[in-house]
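Sharing a structure with you now.
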Amino acid sequence: MVDEQKEAITFEVIRDIQLREKNEPKLIKLPDGFYEKVKAYLALKFKLARESDNPKFLLEAKSVKRMIEDIFYQRERKIISHAFVYIKTGLIPENLTEEEFEFFKSIVNLIKERRTKYIESIEKLNEEELLEEAKKISDVIAAEETETKTGINNQKEETSKAIEEVPEEKIKEAIEKKVKEEPKQEDKKKVMILMDLPNFLGIDGKEYGPYKEGDMVELPIEIADLLIRKKAAEEYLE
């Protein structure tokens, strides 16, 4: 049997390579110097067609040209597909010619550069949006805490005025009742933080945070419930 690597280029050989390349998912092994040999073969066919009055030579030359182009395009599509596989697996396709291997490397580099440029910018944009959303939530928390604190101060002022007009015995009774009704300031709730939060000032005048997503922290019930309502935290039940 004639060695494929030393086989002469003929119409039948080109046709066989075209069919195999079309039917096999992987790149087939080409004879050494295939592209250079088929160019020389095609040039010879067109030369014979010009020198002869027989239309058969011209038809054959055009048919060979179409087959060579088809082989080239099929291999090109496979090489591009293999470039994506290589990026995921690191596997280099077999049966590449030297020129095809250079083309393969350039496609791999182009895909990597494009992904670095666009995917990382999208990921960065998402991070910026999340930080902006976290800042908005933090501002809402601070505003609600300020409003609550203002309400408490107003209530204290009203209570003080009322106390001045009430007998001492009634004042003591009111104070004792108020103490029983008010929740303990030390009461806390354990929560898991669901997004990054910057530091903020609590209603008790203390500074809280910053917190990272996934942090487990104990906060005053009022602050914890506010974060839970804003979907910035969830209660952690041990």
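The values are calculated or read from the model by the stated rules, or taken from the named source; none is laboratory data. On a predicted model such as this, the values are computed, not experimentally measured, just so you know. Cβ atoms come from the backbone with ideal geometry, glycine included; neighbour counts cover every protein chain shown.
Out of the range 17-52, which residues are in a helix (DSSP H, G or I) and closer than 18 Å to Glu76 by Cα?
Ile17, Gln18, Leu19, Arg20, Glu21, Lys22, Asn23, Phe34, Tyr35, Glu36, Val38, Lys39
Next question, about the same structure. Which residues, counting only those in the range 1-20, are modelled with pLDDT of 90 or more and farther than 16 Å from Ser63 by Cβ?
Once the filter is applied, which keeps residues that are modelled with pLDDT of 90 or more and farther than 16 Å from Ser63 by Cβ, the range 1-20 yields only Arg20.
Still on this structure: Kindly evaluate Lys124 against the criterion of being under 30 Å from Ile193 (Cα atoms) and at pLDDT below 85.
yes
So, one more: Could you figure out which of (1) surrounded by 15 or more Cβ atoms within 10 Å (Cβ to Cβ); (2) in contact (Cβ under 8 Å) with a residue 60 or more places away in the chain isn't true of Glu99?
So Glu99 meets the others, but not (1).
To keep it simple, each residue is scored yes or no on (1) over 30 Å from Phe46 (Cβ atoms); (2) among the basic types (Lys, Arg); (3) modelled with pLDDT of 90 or more.
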| residue | (1), (2), (3) |
| --- | --- |
| Val64 | no, no, no |
| Tyr73 | no, no, yes |
| Gly90 | yes, no, no |
| Asn95 | no, no, yes |
| Phe104 | yes, no, yes |
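Here is a list: Lys39, Lys56, Lys45. Which entry is within 20 Å of Glu98 (Cβ to Cβ) and more than 44 Å from the chain's Cα centre (by Cα)?
One residue alone meets the criteria, Lys39.
Then there is this: Does the range 37-56 hold any residues that are surrounded by 11 or more Cβ atoms within 10 Å (Cβ to Cβ) and among the acidic types (Asp, Glu), and which are they?
none
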